[in-house]
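The values are calculated or read from the model by the stated rules, or taken from the named source; none is laboratory data. The shown structure was predicted, so the numbers you read here are calculated from the model rather than taken from an experiment. So basically every Cβ, Gly included, is an ideal-geometry build from the backbone, and we count neighbours across all protein chains shown. Ligands, DNA and RNA are excluded from the accessible area calculation, which covers all protein heavy atoms including side chains. Shrake-Rupley method; radii C 1.70, N 1.55, O 1.52, S 1.80 Å.
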Amino acid sequence: MFAETVTAIAADLKAGRYSSADITEHYLARIAEFDPGLNSYITVCADEARAAAARADALLARGEGGPLTGVPYANKDIFCTRGIRTSCASRMLDNFIAPYDATVVEKLTGAGMVMLGKTNMDEFAMGSSNETSWYGPVRNPWDLSRVPGGSSGGSAAAVAARLAPVATGTDTGGSIRQPAALCGITGLKPTYGRVSRWGMIAFASSLDQGGPMALTAADLALLMNAMAGHCARDSTSVERPAEDFTRLLAQPLTGLRIGLPTQYFAAGLDPAMREAVDAAVGVLRALGADTVSVDLPHAGYAIPAYYVVASAECSSNLSRYDGVRFGHRCDDPRDLTDLYTRSRAEGFGAEVKRRILVGTYALSAGYYDAYYGKAQQLRRLIQQDFTRAFAGVDVILGPTTPTTAFELGQKTDDPLTMYLSDVYTTAANLAGLPALSMPAGLIGGLPAGVQLIGNYFDETRLLNVAHQYQQETAWHLARPPHA
Amino acid sequence: MSWETVIGLEIHVQLATASKIFSGAATAYGAEPNTQACAVDLGLPGVLPVLNARVVEMAIRLGLALHAEIAPSSVFARKNYFYPDLPKGYQISQYELPIVARGRLPIRLADGREKVVRVTRAHLEEDAGKSVHDAYPGATGIDLNRAGTPLLEVVSEPDLRSAEEAVAYMRTMHMLVRYLGICDGNMQEGSFRCDANVSVRRAGSEVLGTRAEVKNLNSFRFLEKAINFEVERQIDLLESGGKVVQETRLYDADRDETRSMRSKEDAHDYRYFPDPDLLPIVVTPTQIERERALMPELPWARQQRYVTDYGLNVQDADALAQDRAVADYFEALAAAAGDARAAANWLNGEVFAALNRAGMEIPHCPVEPSALGLLIARVRDGTLSGSMAKQVFEAMWQGEGSADEVIEARGLRQVNDIGALAALIDGVIADSPSQVEQYRAGKDKLFGYFVGQVMKKSQGKANPQQVNDLLKEKLGGS
């Protein structure tokens with residue numbers, strides 16, 4: 001009786017087919033039933049959700065409220081919430097309750113949405129499998145022995161398992177798109193600067209970007225209308241007039257020029273994955289799109305450039321976790337050095353420490369030019385590759401990930417292999433471009449994702465292509481077995 | 001063989017903004033610990049800095065005053081190090097691309113010569129908080145009220161050759177920043193402080209010696225003493241065959257010595273990199289012109305004008321132009337009094353004495369320049385003697401009204417009537433036969449006695465010059 005997409009739930013609420021309280025209870029009940037097996041939520045906020053649903057129902061009863069009023073959502077535990085713990089999935093912040101809301105949370109609350117809880121993630125968003133969380137790994141609802149991807153693995157698993165109709169995510173090197181692909185949902189990383197970073201705990205400031213994760217492209221568009229916009233508290237937020245992200249959804253794809261980068265179809269791509277991508281391209285061609293091969297000559301440098309820049313920035317961003325003012329503090333520090341070293345040694349997990357070390361090294365005197373300086377040069381070259389490519393095409397299409405979801409524990413001992421699961425996603429972050437992942441098939445019962453990369457501020461085009469594709473296919477509606 | 005001292009200063013100018021450089025928290029001094037630190041100042045997770053536009057305007061103003069280059073685009077960088085009063089684990093500063101570069105500041109030396117000191121750069125940065133080590137037994141308190149207070153760090157070239165030159169440079173910069181209205185100049189509260197890089201070399205050598213950096217000097221006297229101590233220490237060291245090591249030292253005012261704080265070997269690797277949370281500061285020509293239009297006349301221009309237009313001597317002109325409020329008062333007073341020299345004398349004499357007694361600064365002087373100008377005019381037109389004018393000033397200070405009202409109320413009009421004076425003098429001479437005899441016999445010193453008697457009888461109102469002249473005439477003799 002309950003709808004599953006944001007669009008349909010919102011229509012039902014408006015029509016009075018059920019109340020926000022009803023749908024909120026429905027999701028709370030599903031979370032209670034299925035989440036013990038998935039671990040997609042760190043904190044479930046039942047009381048707060050019920051109160052928010054009651055407020056939404058009051059508005060709806062008066063015929064007030066906006067397009068999202070009363071719709072529940074799950075919030076990645078990286079967005080600060082006033083009065084509710086924001087852990088970033090780290091022991092370091094296990095006791096941290098922010099005295100402020102992130103701009104994204106403020107906006108979604110303002111839109112009348114109901115926050116069901118805070119979702120699990122890789123610690124400080126560092127990871128591609130959701131195995132680095134202090135609160136334990138998240139399991140993929142398609143196969144409980146497999147990872148959901150990361151870092152927004154909790155959000156992806158929750159949406160896929162219908163434990164929330166939509167969730168927030170953040171994407172620094174693929175953290176929205178890779179788990180969306182591995183869990184069979186749709187996720188959008190907007191253009192850098194579209195969504196405010198205020199109150200979104202920083203991993204790598206020049207790459208981090210918040211965005212929505214949902215079942216359909218149309219739902220993403222609705223969420224973008226609420227999440228995006230200039231924020232005076234974030235200096236890197238772009239000043240652009242508000243726009244309606246749903247406005248191009250219905251546009252036909254006739255004449256659309258799709259670029260297929262040769263580098264994204266080279267060795268390393270699983271043949272079955274390649275088949276899924278080719279099939280999606282076939283659907284888009286049938287809808288009137290033209291495809292052309294494009295060259296991204298520096299694509300191979302994206303991973304090394306990304307891991308230098310992201311690690312360098314995180315080594316500095318995470319310096320504030322020193323046990324002095326908030327967060328984890330070791331017991332009985334002997335002196336200042338002991339306070340620092342033990343608080344950080346105990347508070348951070350292995351992957352976070354690895355990246356702080358890498359980043360500290362990359363910024364050190366004598367190494368800066370060879371690493372950080374060089375990575376910034378590569379970043380510009382990667383950006384120029386895209387600028388050249390977009391002179392001839394409207395969107396760039398390829399696989400989101402080289403393989404489907406891998407087994408838990410399979411890559412935890414080999415960080416370099418783990419990092420390669422981001423091989424197609426990091427370039428969009430380095431260039432600051434918008435990119436979307438949508439489900440495009442099942443391989444051995446596991447979802448395969450296709451990535452669309454757009455030009456700056458061209459999210460409406462990505463949403464248009466994905467929406468049109470989703471009118472022709474049903475992969476995005478496939479339900480995982482553990483839901 | 002003689003030694004040459006080489007000094008460069010890094011002056012930390014706290015910018016006089018109401019709120020912090022990257023947050024909306026207040027900057028007022030002396031508040032309860034941690035009551036002026038918001039989430040941004042505390043470095044809580046997820047918070048972001050937003051630049052206070054006022055600090056850019058202030059940096060432009062200093063750049064213009066120093067005839068420096070103002071960067072069309074300058075960049076904030078993170079200086080990474082751990083310290084409990086540094087909440088984010090990094091300080092936001094400027095490194096490779098500062099907002100102001102290559103300026104110059106003219107200073108006047110004790111012998112009257114002018115010297116131009118080159119300014120390498122001035123960059124914007126945030127201040128850290130304060131560690132309080134003595135308030136809690138066994139623990140250190142952290143007060144983050146100061147964290148995020150805007151600073152402009154002004155770095156000079158090693159152009160200074162003595163403690164005296166360094167003090168003159170620091171004083172001139174101190175005068176300039178207050179003139180520009182960008183710093184309150186309060187050194188006790190740390191609003192204006194400096195680090196001194198000191199080295200010595202053999203006279204005639206072109207090579208710089210190894211330097212020591214003496215940190216956190218917050219008075220002109222400490223700067224002078226610290227440099228003198230440091231120079232002596234380095235010369236002693238070198239002459240006894242030792243070597244100066246590059247290090248950071250602290251000046252201990254109680255012992256009048258500098259002490260090693262950390263050597264170059266333990267120096268931090270600050271891992272500077274551009275702060276990705278902030279965009280470059282873009283300064284447009286329009287913005288520069290807007291600030292130029294708001295610039296006050298600079299102290300050295302005023303000094304010059306006081307000498308050429310008002311005919312003051314260089315010392316008086318320098319003294320009056322030092323402080324913008326004093327100079328403004330002086331110019332208004334000179335105009336009202338119609339006599340710049342008299343205005344300068346009054347200001348340097350009675351007015352400052354009264355302000356000092358009251359512990360007040362010139363902006364709070366109860367006697368307006370226009371009112372004091374009228375009083376000076378009454379001296380010039382002979383209504384008042386100098387000493388009477390001082391009484392009138394005192395009354396005006398107490399709020400008894402204008403000069404004319406006080407003169408009227410107290411009946412303080414000077415007696416200029418020769419006939420009346422002559423009668424008074426005759427009376428005095430008649431009453432003092434023995435003194436007249438002694439005076440006429442050659443005891444000149446008694447002249448003062450007669451003057452005093454006459455003034456007493458006139459209740460101080462007699463015109464002293466006229467009394468002198470008439471007395472001499474009537475007593476005759478010597």
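Among residues belonging to segment B:214-227 that are under 12 Å from B:A163 (Cα atoms) and of a type in the set (D, E, K, R), point out the one that is surrounded by the fewest Cβ atoms within 10 Å (Cβ to Cβ). It would help to see each step written out before you state the result.
Start the filter on segment B:214-227 by keeping residues that are under 12 Å from B:A163 (Cα atoms), which leaves B:220-227.
Filter again for of a type in the set (D, E, K, R), leaving B:221, B:224-225.
Working: B:R221: 10, B:E224: 18, B:K225: 18.
Here the answer is B:R221.
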Worksheet item: Given B:P276, B:P280, which one is within 14 Å of chain A (Cβ to nearest Cβ), in contact with an Asp or Glu (Cβ under 7 Å, 6 or more places away or on another chain) and at pLDDT 95 or above?
Response: B:P276
Worksheet entry | Candidate set: segment A:295-325, residues that are among the aliphatic types (A, V, I, L, M) and closer than 15 Å to A:L363 by Cβ; chosen: the one nearest to the chain's Cα centre (by Cα) | A:A310
Worksheet item: If we keep just the residues of segment B:228-274 that are out of contact with any Lys or Arg (no Cβ under 9 Å at 6 or more places or on another chain) and part of a loop (DSSP other than H, G, I, E, B), which is least open to solvent (accessible area, probe 1.4 Å)?
Response: B:G242
Worksheet, complete the sentence: Quick count over segment B:395-434, residues being surrounded by 13 or more Cβ atoms within 10 Å (Cβ to Cβ) and either in contact (Cβ under 8 Å) with a residue 12 or more places away in the chain or in contact with a Ser or Thr (Cβ under 8 Å, 6 or more places away or on another chain) (or both), is 22
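Quick one: would you say A:L357 is open to solvent by less than 20 Å² (accessible area, probe 1.4 Å) and within 14 Å of chain B (Cβ to nearest Cβ)? Give the steps one after another, and end with the answer.
Working: open to solvent by less than 20 Å² (accessible area, probe 1.4 Å): no; within 14 Å of chain B (Cβ to nearest Cβ): yes.
It is false that A:L357 is open to solvent by less than 20 Å² (accessible area, probe 1.4 Å) and within 14 Å of chain B (Cβ to nearest Cβ).
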Discussion item. I'd like to check something: does segment B:180-188 contain any residue that is touching a Ser or Thr at 6+ places or on another chain (Cβ under 9 Å) and in a strand (DSSP E or B)?
Written reply: no
Worksheet entry | Close pairs (7 angstrom Cβ cut-off, 6 or more residues apart or separate chains): at positive phi and away from every other protein chain (no Cβ under 14 Å) in segment A:180-205, part of a loop (DSSP other than H, G, I, E, B) and of a type in the set (A, V, I, L, M, F, W, C) anywhere | A:G184/A:W142; A:G184/A:A478
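Yes or no, residue by residue, for (1) in a loop (DSSP other than H, G, I, E, B); (2) within 11 Å of chain A (Cβ to nearest Cβ); (3) under 21 Å from B:I11 (Cα atoms); (4) in contact (Cβ under 8 Å) with a residue 40 or more places away in the chain:
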residue: B:A77; (1), (2), (3), (4): no, yes, yes, yes
residue: B:A101; (1), (2), (3), (4): no, no, yes, no
residue: B:L105; (1), (2), (3), (4): no, no, yes, yes
residue: B:V119; (1), (2), (3), (4): no, no, yes, yes
residue: B:A128; (1), (2), (3), (4): yes, no, yes, yes
residue: B:G141; (1), (2), (3), (4): no, no, no, yes
residue: B:G148; (1), (2), (3), (4): yes, no, yes, yes
residue: B:L151; (1), (2), (3), (4): no, no, yes, yes
residue: B:V154; (1), (2), (3), (4): no, no, yes, yes
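Can you name the residue in segment A:328-349 that is part of a loop (DSSP other than H, G, I, E, B) and either out of contact with any helix residue (DSSP H, G or I) (no Cβ under 7 Å at 6 or more places or on another chain) or within 8 Å of another protein chain (Cβ to nearest Cβ) (or both) and, of all such residues, is least open to solvent (accessible area, probe 1.4 Å)? Explain how you work it out, then say what you get.
Step one: of segment A:328-349, the residues part of a loop (DSSP other than H, G, I, E, B) are A:328-335, A:348-349.
Still in the running and either out of contact with any helix residue (DSSP H, G or I) (no Cβ under 7 Å at 6 or more places or on another chain) or within 8 Å of another protein chain (Cβ to nearest Cβ) (or both): A:331-332, A:334-335.
Values: A:D331: 119, A:D332: 130, A:R334: 187, A:D335: 83 Å².
Only one residue fits best here, namely A:D335.
Take the residues in segment A:77-106 that are more than 13 Å from chain B (Cβ to nearest Cβ) and not aliphatic (A, V, I, L, M); name whichever of them is surrounded by the fewest Cβ atoms within 10 Å (Cβ to Cβ). Walk me through how you get there before you give the answer.
Looking only at segment A:77-106, we keep the residues that are more than 13 Å from chain B (Cβ to nearest Cβ), and these are A:83-84, A:91.
Next, from what is left, pick out any that are not aliphatic (A, V, I, L, M): A:83, A:91.
Values: A:G83: 11, A:R91: 16.
Among residues in segment A:77-106 that are more than 13 Å from chain B (Cβ to nearest Cβ) and not aliphatic (A, V, I, L, M), the one surrounded by the fewest Cβ atoms within 10 Å (Cβ to Cβ) is A:G83.
Are any residues in segment A:309-341 in contact (Cβ under 8 Å) with a residue 12 or more places away in the chain and of a type in the set (D, E, K, R), and if so, which ones?
Matches in segment A:309-341: A:E313, A:D322, A:R329.
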Practice prompt. Check whether at least one residue in segment B:77-84 is open to solvent by less than 40 Å² (accessible area, probe 1.4 Å) and within 31 Å of the chain's Cα centre (by Cα), and report yes or no.
Written response: no
Practice prompt. Those residues that are touching a Lys or Arg at 6+ places or on another chain (Cβ under 8 Å) and open to solvent by less than 40 Å² (accessible area, probe 1.4 Å), I need them from segment B:296-316; list them, please.
Written response: B:P296, B:P299, B:G311, B:L312
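Pick from A:T69, A:T109, A:T132: which is open to solvent by 10 Å² or more (accessible area, probe 1.4 Å), more than 12 Å from chain B (Cβ to nearest Cβ) and farther than 30 Å from A:T403 by Cβ? Step through it out loud before you land on a result.
Numbers: A:T69 fails: open to solvent by 10 Å² or more (accessible area, probe 1.4 Å); A:T132 fails: farther than 30 Å from A:T403 by Cβ.
Checking each option against the conditions leaves just A:T109.
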Worksheet item: What are the pairs, 6+ residues apart or on separate chains, where a residue within segment B:179-203 that is without any contact (Cβ under 8 Å) to a residue 60 or more places away in the chain has its Cβ under 7 Å from a residue that is of a type outside the set (F, W, Y) and open to solvent by less than 10 Å² (accessible area, probe 1.4 Å)?
Response: B:G185/B:V177; B:G185/B:S191
Discussion item. Among the residues of segment A:261-271, are any of a type in the set (F, W, Y), under 28 Å from A:A448 (Cα atoms), open to solvent by less than 40 Å² (accessible area, probe 1.4 Å) and not in a strand (DSSP E or B)?
Written reply: yes
Worksheet, complete the sentence: Within segment A:16-45, residues within 30 Å of A:N130 (Cα to Cα), among the hydrophobic types (A, V, I, L, M, F, W, C), without any contact (Cβ under 8 Å) to a residue 60 or more places away in the chain and open to solvent by 30 Å² or more (accessible area, probe 1.4 Å) come out as A:A29, A:A32
Fill in: The listed residue being more than 30 Å from A:D338 (Cβ to Cβ) and more than 10 Å from chain A (Cβ to nearest Cβ), out of B:I92, B:I60
B:I60
Response to the item:
If we take segment A:373-482, then strands (runs of 3 or more DSSP E) inside it with 3 or more residues that are in contact with a Phe, Trp or Tyr (Cβ under 8 Å, 6 or more places away or on another chain) and open to solvent by 50 Å² or more (accessible area, probe 1.4 Å) are none
Fill in: Pairs, first free of Cβ contacts under 8 Å to residues at least 40 places away in the same chain in segment A:281-308, second of a type in the set (D, E, K, R) and outside any helix (DSSP H, G or I), C-beta under 7 Å, six or more apart
A:D290/A:R257
Discussion item. Among the residues in segment B:44-51, are any of a type in the set (G, A, S) and either within 14 Å of chain A (Cβ to nearest Cβ) or more than 22 Å from the chain's Cα centre (by Cα) (or both)?
Written reply: yes
